[in-house]
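The values are calculated or read from the model by the stated rules, or taken from the named source; none is laboratory data. Computed from a predicted structure; not experimentally measured. Here the Cβ is made from the backbone with ideal geometry for all residues, glycine too, and neighbour counts use every protein chain on show.
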Amino acid sequence: MEEKAKVPFWKKTWVVVLACIFIPPAGIVLLWLGNKGGKYTRIALTILLGIYSLAWFNGFISGGNALETTNPNITNKAEVVVEQTSADKAAADKVVADKVIADKAAADKVVADKAIADKAAADKAADAIITVDNNEDMVTLFKASDFDPFISEFAKKYAGKTIQFDGYVADMTPHENYNTRFDLLIYTGNSGESSGNALSFKFEDINITSDLKLTGSNIPENISKGQNLRITAKVEEYKEASGLFFLKPISTEIR
């Protein structure tokens, strides 16, 4: 009894059929190697399987691309999140920058306002008229004795400042050879009364009309020795050698 020839595994019909279904290119190869069916049948199946193979390859490649391609929805969402985050950061940075600018502007304004206020106060203080009622140094000055060093200190400290006090013309002489310009010696207090201090103020080289700037309800045509005055004048200098305190008249009120 003859033994039946053993058919190779890859020539079995069911293997060829499965290969044609799931791996058509391999199915075509096995179809011809195994001589399955007639020649024309194999040709027809090869054509069909060829078309099927193209579709199979296309599906295989498309599937691979699909795995590599990111979901558009996910990408769009990610882009939206990134854009939103960037927008939020930009907005936050702008808020911070605006606050820094506003704070600096406010600080600069405070500094500028203080500088203006300080200057105004300084100007006001500089323009303020110094009297015995508002200045302790003036009080001390009016109590000073002859050639007291404080007189010189006061003159230097308040040079250019305006003082005001009641006094009188203690002496009046022509300045050099002029007939209309005079040197006036001014004492504090009232004529005929002792003021209790030894201050000797002097107006030098003045015209009675244009320089003294007389004010008051009863201005005389001329003034003379003994005339009581309310003097407003700028401090010029104190000459220690003579003991004279020089002033420049601003206004002179007749008393």
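Applying the set (1) modelled with pLDDT of 95 or more; (2) out of contact with any Pro (no Cβ under 6 Å at 6 or more places or on another chain); (3) surrounded by 17 or more Cβ atoms within 10 Å (Cβ to Cβ); (4) not small (G, A, S) to D205 leaves exactly one unmet item: (3).
Scanning segment 192-223 for residues that are touching a residue at least 40 places away in the same chain (Cβ under 8 Å), over 17 Å from R181 (Cβ atoms) and of a type in the set (A, V, I, L, M) yields A198, L199.
Among the residues of segment 157-178, those that are farther than 11 Å from I206 by Cα, without any contact (Cβ under 8 Å) to a residue 60 or more places away in the chain and surrounded by fewer than 16 Cβ atoms within 10 Å (Cβ to Cβ) comprise K157, D171, E176, N177. Looking only at segment 12-27, which residues are in a helix (DSSP H, G or I) and either among the β-branched types (V, I, T) or modelled with pLDDT under 75 (or both)? Hits for segment 12-27 are T13, V15, V16, V17, A19, I21, G27. Out of D118, D146, one residue alone is exposed (fewer than 12 other Cβ atoms within 10 Å of the Cβ) and not in a helix (DSSP H, G or I). It is D146. Here L199 meets the list (1) surrounded by 18 or more Cβ atoms within 10 Å (Cβ to Cβ); (2) in a strand (DSSP E or B); (3) of a type outside the set (K, R) almost entirely, failing just condition (2). Within segment 217-248, the set of residues being part of a loop (DSSP other than H, G, I, E, B) and either aliphatic (A, V, I, L, M) or surrounded by 13 or more Cβ atoms within 10 Å (Cβ to Cβ) (or both) comprises I219, I223, K225, G226, Q227, A241, G243. L212 passes every criterion in (1) in a strand (DSSP E or B); (2) crowded, with 16+ Cβ neighbours inside 10 Å apart from (1).
Filter segment 221-249 down to the residues that are under 50 Å from the mean Cα position of the chain (by Cα) and among the hydroxyl-bearing types (S, T, Y) and list them by number. Listed by number, the residues that qualify are T232, Y238. As a summary of the residue check, E193 satisfies the conditions (1) among the charged types (D, E, K, R); (2) in a loop (DSSP other than H, G, I, E, B); (3) modelled with pLDDT of 95 or more except for the one numbered (3).
Restricting D137, D183 to those that are out of contact with any Gly (no Cβ under 6 Å at 6 or more places or on another chain) and either under 25 Å from N207 (Cα atoms) or exposed (fewer than 11 other Cβ atoms within 10 Å of the Cβ) (or both) reduces the list to D183.
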